[in-house]
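The values are calculated or read from the model by the stated rules, or taken from the named source; none is laboratory data. Because the structure is a prediction, the values reported are computed rather than measured. FYI the Cβ positions are ideal-geometry reconstructions off the backbone, even for glycines, and counts take in every protein chain you see. We work out accessible area using only protein heavy atoms, side chains counted, and drop any ligands, DNA or RNA first. Shrake-Rupley method; radii C 1.70, N 1.55, O 1.52, S 1.80 Å.
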Amino acid sequence: ISFNHLDIFAKGEQVTIFIQQLNRNMSVFFFVNTLILLLITKVDCRSWRPESQLRDAFLRDFVNSNNVPTTGSSTLSSTPGFSDDVSRGGHATVKALEEAVDKITSPNQDIPKQEENIKTLNMNVGIKSRSKRKPISESKKIAMKLKNRNHTNIRRKVMHAAFGVGFALLNHFIPKGKFVPGMAVLSAATLLMELLRYKKGFHWMNTALHATLGSSLRKHEMEGKFTGSFYFFVGVTITAALYPTTCATLGILQLALADPSASYFGRHTRHVYWSRIGNGLGGFGRNKGILGFLGGALFCFPFNYQMLSRATFPVAPAQSSIYAASIALGLAGAFADLAVPTPALTLPKKILGKRVPPFHVDDNFVVPIFSAYAATHIFKRLGWDPDAIKLSKLFWL
């Protein structure tokens, strides 16, 4: 007996093609029939699910949307995937829902009637459960109105510069023996306010702070963190205490000018990716940019030059020395601002099991101290006596 292998293969290929066509036709047939059935009977897709699954799904959605409390054990709590949703506390409420939910999710009930019952259930139970929520604190209400640090807050920057110039003038005119103790008292009072304003009975401090400073506050300053003013006052106090009056005044002015200007230029050049530092070097300069640093230094240069040009020296300095000192001071202030990472390094909430205040490394503290230190060494490098240099009474005039 001989077999024609080619005929067998040809017939097998024809059978395969026939089966593929049959499958395709059957798929179309079932799809069309299903579509016609849905249109005729107006079956809601939800009714295809088993009744128990529909009931559990509704309860999950209702509890999550209305924050229905449950406590203790319940037949609902034993439902797989549901116990976590109702573990917020309040057994009696969920137990009272069971009968209502059974009626609402009944497959024998039409959809409009189900929706009406759901609305009634929301009114009768949902509102009561929402009324039991913990009230929002005054500080959090204020925080909702404020912008975060990624927002260019021009009002904050103008206020920062105005306060900086004001404290520089006070340091320039008031003797160190009076100015430093006065700033120490102001810093201590601010610290006391920061420690108390989140405690019960002292929320009025946050309201007064917001009424005074308004939108110049940042969101994190009403979410548990200290305001920048505390670090501002402490930085000015330490700068005035450690360095000669002229150097301290120049250091405070770098805080007033370099800090907001570097921030402004950095915000407006953040799309220039090659200038961004990213994660920084061990946190140094994290999320800041080289162009912001250069912009802050150049912004300070004309102000520094004008002040040093009007200052009184024992021996008149060369014009090139004044140029060099002016740009070096601007670079020092901008560099100090660049060095402080964003977000700032913060103490852990607890040390050895004890809660500690939320102190963090702030540029308002670092910039004036480092700038005054740099001014002292720049003047010495140029052969100037820091104690002998006297600034003009009106700074730039």
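Residues being farther than 22 Å from Thr246 by Cβ and of a type in the set (Lys, Arg): count how many of those fall in the range 149-181.
Summing the residues that are farther than 22 Å from Thr246 by Cβ and of a type in the set (Lys, Arg) in the range 149-181 gives 4.
If I ask for residues that are closer than 18 Å to Arg149 by Cα and either of a type in the set (Gly, Ala, Ser) or in contact with a Phe, Trp or Tyr (Cβ under 8 Å, 6 or more places away or on another chain) (or both), which ones from the range 278-295 would you list?
Gly278, Gly283, Gly285, Gly289, Gly292, Phe293, listed by residue number.
Go through (1) over 38 Å from the mean Cα position of the chain (by Cα); (2) closer than 30 Å to Ala344 by Cβ; (3) among the aliphatic types (A, V, I, L, M) and name the single condition Ile369 misses.
Single failed check for Ile369: (1).
Show the residue pairs meeting these rules: Cβ distance below 8 Å; 6+ apart or different chains; first residue within the range 352-373 and farther than 24 Å from Pro244 by Cβ and touching a residue at least 60 places away in the same chain (Cβ under 8 Å); second residue of a type in the set (Phe, Trp, Tyr) and open to solvent by 40 Å² or more (accessible area, probe 1.4 Å).
Taking only residues 6 or more apart or on different chains, not a single pair turns up.
How many residues are part of a loop (DSSP other than H, G, I, E, B), of a type outside the set (Lys, Arg) and under 21 Å from Phe359 (Cβ atoms) if we restrict to the range 192-223?
Number satisfying all stated conditions: 4.
Identify all residues within the range 232-277 that are open to solvent by 50 Å² or more (accessible area, probe 1.4 Å), of a type in the set (Val, Ile, Thr) and closer than 19 Å to Ala388 by Cα; write none if there are none.
Once the filter is applied, which keeps residues that are open to solvent by 50 Å² or more (accessible area, probe 1.4 Å), of a type in the set (Val, Ile, Thr) and closer than 19 Å to Ala388 by Cα, the range 232-277 yields only Thr245.
Taking the options Phe379, Phe335, name whichever one is of a type in the set (Phe, Trp, Tyr) and more than 22 Å from Phe233 (Cα to Cα).
Of the residues listed, the single one that is of a type in the set (Phe, Trp, Tyr) and more than 22 Å from Phe233 (Cα to Cα) is Phe379.
To keep it simple, each residue is scored yes or no on (1) modelled with pLDDT of 95 or more; (2) basic (Lys, Arg).
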site: Gly251; (1), (2): yes, no
site: Ala262; (1), (2): no, no
site: Gly266; (1), (2): no, no
site: His271; (1), (2): no, no
site: Gly285; (1), (2): no, no
site: Lys288; (1), (2): no, yes
site: Arg310; (1), (2): no, yes
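Looking only at residues in the range 281-329 that are buried (at least 16 other Cβ atoms within 10 Å of the Cβ) and in a loop (DSSP other than H, G, I, E, B), which one is farthest from the chain's Cα centre (by Cα)?
The extreme case among them is Pro317.
If you go through the range 153-198, how many residues are open to solvent by less than 60 Å² (accessible area, probe 1.4 Å) and in contact with a Phe, Trp or Tyr (Cβ under 7 Å, 6 or more places away or on another chain)?
The qualifying residues number 8.
Testing Lys349 on (1) buried (at least 17 other Cβ atoms within 10 Å of the Cβ); (2) touching a strand residue (DSSP E or B) at 6+ places or on another chain (Cβ under 7 Å); (3) more than 19 Å from Phe284 (Cβ to Cβ), one condition comes back false. Which one is that?
Here Lys349 clears every test but (1).
Of all residues in the range 363-397, how many are surrounded by 18 or more Cβ atoms within 10 Å (Cβ to Cβ), small (Gly, Ala, Ser) and over 12 Å from Gly251 (Cα atoms)?
Looking only at that region, the number is 0.
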